[in-house]
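The values are calculated or read from the model by the stated rules, or taken from the named source; none is laboratory data. The structure displayed is predicted, hence computed values, not measured ones. Don't worry about glycine lacking a Cβ; one is built from the backbone with ideal geometry, like all the others, and counts go over all protein chains shown.
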Amino acid sequence: MKSTIQRALFAVAVAALGAGAVGTASAQTSSAPSSAPGARHGGHHRFHRFGGSPFLGTFLRAVNQLNKTPATALSGAQQTTLKSLLQSARQSHAAGAGQGTELSVIGNPSPANASAYAAAIQQAEANATSRISRDATLATQIYQALNLSTTQQSQLVTILNNMQAQQQAHRAQWAAKHPGNS
């Protein structure tokens, strides 16, 4: 009896180790394509708190890239200015953050809920317009306050062009994998 229990436990242990090895191999295989150039997301989530807007998030990612080469790295004063502006933007965003529309309203486009649904749509449009305006204004303020050198400005343009090329390559790769969905 004791040897039967030991054999059963041994079989369960071997099965668990085998399943873990298969899971690990599967995870390594599925993560390999994401390490291809242009497919990585790197620090994109760093600026997520700013909505990942095309105005502010893209600009901040490009400015972050400037720091990767010593010739175009931000000076201490520029970094302090950037941090200060972002901190005040975070504080004003947190202070102005209101409650969103209730899910029972935005999730119910039925005729019985038509007036509340229409009001929710108008509010969402107004919020989006306000967010875009706020992000574009902040990006402009940061750009002006950083007072980038000529070298930094030209490198910023190069970085933005590279980001655009990577985005287009990523979209083309996705479209090739998903024909008929683009």
*What do you reckon, is Q173 at pLDDT 90 or above, within 19 Å of L56 (Cβ to Cβ) and part of a helix (DSSP H, G or I)?*
no
*Go through (1) without any contact (Cβ under 8 Å) to a residue 12 or more places away in the chain; (2) loosely packed, with under 11 Cβ neighbours inside 10 Å one by one and return the number of the condition G107 breaks.*
(2)
